[in-house]
Amino acid sequence: MTSPLFETLQQELVPAAGPATLSHGILVFVLEPTELLPAVQRLQREFAFDIFLDVTAVDWIGQLPRFEVVYHFYSTMHRVRVRLKTRVGEADPGVDSLVPLYGSAAFMERECHDMYGIRFRGNDDLRPILLYEGFVGHPLRKDYPKQQEQPLVPYRS
Amino acid sequence: MDTPLPNPVRSIFEKSLRDDSVIVNIGPSHPATHGTVQIIAELDGERVLRTDVHCGYLHRGFEKECEDHTWHNLIPYVDRLNYVSALINDFAYCDGVEQLMGIQITPRCRYLRTLLSEYSRLVDHLTCLAAGLMELGAMTAFLYLVMIRDYMYEHLAALTGARVTYTYGRIGGLARDLPEGWLTRLEEIFVQYEDFVARVHALVDRNRIFIDRMRDVGVISTADALSYGYTGVILRSTGVPRDLRKDTPYLAYSELDFDVPVGIKGDNYDRYFVRMREMDESIYMMRQLMDMLPDGPINVDDRRCSFPDKPLVYSEIESLINHFKLVMDGPNVPAGEAYSAHESPNGELGFYLVSTGSGTPYKVHCRAPSFVHMGGAHLMLNGYQLADIVPTFGSINMIGGECDR
């Protein structure tokens, strides 16, 4: 499935980022963290990508930079999906939040922050969502052992 | 006195908006909400001023657990995401792995998966509607719908061996073929379904109490729905015909004739009606599929993922080794990443899979519609009565297993 939109996107979205690849019907861009927010703004305003589907991260432990933050967008008008990927390091795993652009970003970024410790600059509500206050560590990081036990939370009466 | 313990959930409402407003805590275990979700609501009398929705009470580390099992072993886990329509989870996950492996499933498997996806959608909508109606006191409608659903559960048990979590999908195919007489019984169930759903329509559709509770309650606009990532029934209830089965056809949907029902204003009543209409469309599709169903194998002939026949495993060494390798090492999925999206009864169910070329996934991420929908639930709760939280929450159809993973 190739769409004429994909060619336009490939040439125009982020020319500096190099060629985009087509992976199983989804156009994939690899961006620098600083290019992310402007690229998403253009996706939303100029190319009608109106649904922010998903954000998650992949922990490539041992590689530098360590984390790959993966975004999926869908355009209900063109009926295509785009994936944006950006790499952030372990020392400062921060990317710009998409909360100003999409409402759905708030919850999904909270989950990604829970699981990987990615900090989304501009999302001022990064409270735990699937975990709880007082959870130590980020469970989906590869160096978090599956059998890890959490400090016992005292019984609340 | 000891220092106060931190609350497991920190509310964003540190101060109340007004002097006379009250902050109450609803859930996580409340008899009127099906699902463990906590809603911290600020009330002005009976009116909800603002809400803070918390999920995560059913979090069980699905994605972490996936990274420690072979690709095949995950199928029972994905079943337990949306446990009301487990088959769609199976098929969406298997579709993602098949994309990575470059496998084309057999025609019979493709049509069977489509048929069973629609069957699952039917069961899911029946459950959601029944629960939603029961919460409003419509016990008769609840019993009618759940009775039909139970026929379907038993019928699916005849095929898969389980009533709810089927573990029926396989990478490259299905667990087993249809048993004798299964389609005949399906047609009988359709007749009973039509009888009882007609009675529910008659009881509920123009019922004054029902309309007063549902109409203009929990309204969401199209713009908000899109911004908050809503898909599926809730987006369609706002009047937008967006359905992945039509827009990006997968399985056999491009060959089927069906309508995409939409609502007019995105309130609870529209969501009720869209679900009722979608069930009829599902039946229409399944009847087409019953006629189209071709003969042939259900599993692809690919030794990377399909298990050899059991008699061969016991009689020849190659099949024995093949079986052993598939069980112990898992199927060899080429390195890469894939995102497979299926239209689940709640919305877009996506699986983002990353493989490094081994028998175990490097990462499995589930884009759960329920979770995304919870992110915008406050839009549908704020400004209405406290008692409206129950039907609105019911019409969002949050499934804890999928939301919290």
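None of the figures in this text is laboratory data; all of them are computed from the coordinates on show. Nothing here was measured: the structure is a model prediction, and the numbers come from that model. Neighbour counts run over all protein chains shown; Cβ positions are idealised from the backbone, glycine included.
Observations on the structure shown:
Here's the yes/no breakdown for (1) surrounded by fewer than 19 Cβ atoms within 10 Å (Cβ to Cβ); (2) within 13 Å of the chain's Cα centre (by Cα):
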residue: A:Ser3; (1), (2): yes, no
residue: A:Leu9; (1), (2): no, no
residue: A:Ala57; (1), (2): no, yes
residue: A:Thr76; (1), (2): yes, no
residue: A:Leu101; (1), (2): yes, no
residue: A:Ala106; (1), (2): no, yes
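- Which listed residue is closer than 26 Å to B:Ala338 by Cα and in contact (Cβ under 8 Å) with a residue 40 or more places away in the chain, from B:Leu100, B:Leu43: B:Leu100
- Residues located in segment B:147-171, provided they are in contact (Cβ under 8 Å) with a residue 40 or more places away in the chain and part of a loop (DSSP other than H, G, I, E, B): B:Val164, B:Thr165, B:Tyr166, B:Thr167, B:Tyr168, B:Ile171
- Residue match in segment B:384-393 (condition: crowded, with 23+ Cβ neighbours inside 10 Å, out of contact with any helix residue (DSSP H, G or I) (no Cβ under 6 Å at 6 or more places or on another chain), farther than 23 Å from A:Val99 by Cβ and not hydroxyl-bearing (Ser, Thr, Tyr)): yes
- Of the residues making up segment A:80-88, not a single one is over 19 Å from B:Val364 (Cα atoms) and surrounded by fewer than 17 Cβ atoms within 10 Å (Cβ to Cβ).
- Which listed residue, of B:Arg121, B:Arg113, B:Arg163, is touching a Phe, Trp or Tyr at 6+ places or on another chain (Cβ under 6 Å), buried (at least 22 other Cβ atoms within 10 Å of the Cβ) and of a type outside the set (A, V, I, L, M, F, W, C): B:Arg113
- Restricted to segment B:172-267, the set of helices (runs of 4 or more DSSP H) holding at least 2 residues that are crowded, with 20+ Cβ neighbours inside 10 Å and touching a Gly at 6+ places or on another chain (Cβ under 8 Å) comprises B:222-227, B:232-237.
For every residue, the table says whether it meets (1) over 18 Å from A:Thr86 (Cβ atoms); (2) without any contact (Cβ under 8 Å) to a residue 12 or more places away in the chain; (3) more than 7 Å from chain B (Cβ to nearest Cβ).
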position	(1), (2), (3)
A:Gly103	yes, yes, no
A:Phe107	yes, no, no
A:Arg110	yes, no, yes
A:Gly117	no, no, yes
A:Pro145	yes, yes, yes
A:Glu149	yes, yes, yes
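- Residues being more than 9 Å from chain B (Cβ to nearest Cβ) and buried (at least 22 other Cβ atoms within 10 Å of the Cβ) - total across segment A:119-143: 1
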